[in-house]
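Enquirer: Pasting in a structure now, in structure tokens, and then I'll have a few things to ask.
The values are calculated or read from the model by the stated rules, or taken from the named source; none is laboratory data. Every value quoted in this text rests on a predicted model; they were computed, and no experiment measured them. We place every Cβ from the backbone using ideal geometry, glycine too, and count neighbours over all the protein chains shown.
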Amino acid sequence: MYAIDLIIAKGHRNVKAYHKTTLEITKDNYLTPRGDCIIGIMSSKGAKDLNDNVKQLIQKDESYVYCVIQINDKIDIIHGRGSSKLSLTNPQKIIIRKSDFISDSTIMIKADKASKDIRRDLIDELRKGTEAKLYIIASDSPLKDEELLRIIVNFNPLSITNPL
């Protein structure tokens with residue numbers, strides 16, 4: 001079983017994406033040069049706002065969590081894990097972590113990418129202020145990249161959960 005949610009965020013000229021362990025998007029409408037993990041501002045959602053089906057799967061131990069970042073026709077995929085320790089209560093931001101550190105904004109731990117690992121052509125677009133779509137997919141079993149892309153292609157925002 002899987003669930004999917006869509007987040008829209010906007011880039012900013014101060015996007016650096018140099019952080020080695022985290023990636024963040026925020027609802028804030030500004031970004032200072034110090035925010036080297038932030039890749040998007042004016043996010044449509046914080047961790048608290050994710051749909052309930054996605055949150056339920058993320059909060060299961062041994063769950064799989066994916067973030068597909070799409071800008072125009074380019075994508076990058078982050079693979080990670082969920083945990084029952086994730087509270088998903090932060091209304092302002094979403095954080096993806098390579099480590100297993102938990103905060104109220106963490107939606108994925110043990111990720112295979114942080115902001116510094118994201119494709120540089122995507123980061124260049126974000127620096128121009130381009131809008132990004134971030135698909136959050138949570139699953140109780142591992143999914144291949146092809147399956148993730150199929151899920152996104154078939155995604156209907158009016159039908160938030162879709163059985164495999």
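Enquirer: Quick check on this structure: which one of Ala47, Ala17, Ala9 is in contact with a helix residue (DSSP H, G or I) (Cβ under 6 Å, 6 or more places away or on another chain), modelled with pLDDT of 95 or more and of a type in the set (Gly, Ala, Ser)?
Expert: On the way: Ala47 fails: in contact with a helix residue (DSSP H, G or I) (Cβ under 6 Å, 6 or more places away or on another chain); Ala9 fails: in contact with a helix residue (DSSP H, G or I) (Cβ under 6 Å, 6 or more places away or on another chain).
Criteria check complete, one pass: Ala17.
Enquirer: Considering only segment 58-80, state which residues are surrounded by fewer than 20 Cβ atoms within 10 Å (Cβ to Cβ) and either on the phi > 0 side of the Ramachandran plot or not in a loop (DSSP other than H, G, I, E, B) (or both).
Expert: Going through segment 58-80, the residues surrounded by fewer than 20 Cβ atoms within 10 Å (Cβ to Cβ) turn out to be 59-62, 70, 72-77, 79.
Listed by number, the residues that qualify are Glu62, Gln70, Asn72, Lys74, Ile75, Asp76, Ile77, His79.
Enquirer: Somewhere in segment 27-44, is a residue surrounded by fewer than 22 Cβ atoms within 10 Å (Cβ to Cβ), closer than 24 Å to Asp145 by Cα and charged (D, E, K, R)?
Expert: Looking through segment 27-44, none of the residues is surrounded by fewer than 22 Cβ atoms within 10 Å (Cβ to Cβ), closer than 24 Å to Asp145 by Cα and charged (D, E, K, R).
Enquirer: On to the next question. Can you give me the number of residues within segment 87-111 that are more than 19 Å from Ala9 (Cβ to Cβ), of a type in the set (A, V, I, L, M) and in contact with a helix residue (DSSP H, G or I) (Cβ under 6 Å, 6 or more places away or on another chain)?
Expert: So the answer is 0.
Enquirer: Assigned to a loop (DSSP other than H, G, I, E, B), surrounded by fewer than 17 Cβ atoms within 10 Å (Cβ to Cβ), within 15 Å of the chain's Cα centre (by Cα) and modelled with pLDDT of 95 or more - does that describe any residue in segment 142-159?
Expert: No, segment 142-159 has no match at all.
Enquirer: Going by the conditions given, is Ile102 assigned to a strand (DSSP E or B) and among the β-branched types (Val, Ile, Thr)?
Expert: Numbers: assigned to a strand (DSSP E or B): no; among the β-branched types (Val, Ile, Thr): yes.
No, not satisfied.
Rundown of residues vs (1) of a type in the set (D, E, K, R); (2) free of Cβ contacts under 8 Å to residues at least 40 places away in the same chain, yes/no style:
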site	(1), (2)
Asp76	yes, no
Ser83	no, yes
Ser99	no, no
Ser103	no, yes
Ala111	no, no
Ser115	no, no
Arg120	yes, yes
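Enquirer: Now for a different question. Working carefully through the options Ile102, Ile136, find the one that is surrounded by fewer than 17 Cβ atoms within 10 Å (Cβ to Cβ) and of a type in the set (Val, Ile, Thr).
Expert: On the way: Ile136 fails: surrounded by fewer than 17 Cβ atoms within 10 Å (Cβ to Cβ).
Just one listed residue meets the conditions, Ile102.
Enquirer: Oh, and also: In segment 1-40, which residues are hydrophobic (A, V, I, L, M, F, W, C) and touching a Phe, Trp or Tyr at 6+ places or on another chain (Cβ under 7 Å)? Please lay out each step first, then the result.
Expert: Filtering segment 1-40 down to residues hydrophobic (A, V, I, L, M, F, W, C) leaves 1, 3-4, 6-9, 15, 17, 23, 25, 31, 37-39.
Listed by number, the residues that qualify are Ile4, Leu6.
Enquirer: State which residue is nearest to Leu148 (Cα to Cα) when the search covers only segment 105-114 and only residues that are part of a loop (DSSP other than H, G, I, E, B) and in contact with a Ser or Thr (Cβ under 9 Å, 6 or more places away or on another chain).
Expert: Taking segment 105-114 as the starting set, the residues that turn out to be part of a loop (DSSP other than H, G, I, E, B) are 105, 110-114.
Next, from what is left, pick out any that are in contact with a Ser or Thr (Cβ under 9 Å, 6 or more places away or on another chain): 105, 110-111, 114.
Numbers: Ser105: 23, Lys110: 18, Ala111: 16, Ala114: 19 Å.
If we take residues in segment 105-114 being part of a loop (DSSP other than H, G, I, E, B) and in contact with a Ser or Thr (Cβ under 9 Å, 6 or more places away or on another chain), then Ala111 is nearest to Leu148 (Cα to Cα).
Enquirer: Determine whether Tyr30 is out of contact with any helix residue (DSSP H, G or I) (no Cβ under 7 Å at 6 or more places or on another chain), part of a loop (DSSP other than H, G, I, E, B) and closer than 19 Å to Ala132 by Cα.
Expert: Working: out of contact with any helix residue (DSSP H, G or I) (no Cβ under 7 Å at 6 or more places or on another chain): yes; part of a loop (DSSP other than H, G, I, E, B): yes; closer than 19 Å to Ala132 by Cα: yes.
Criteria met by Tyr30.
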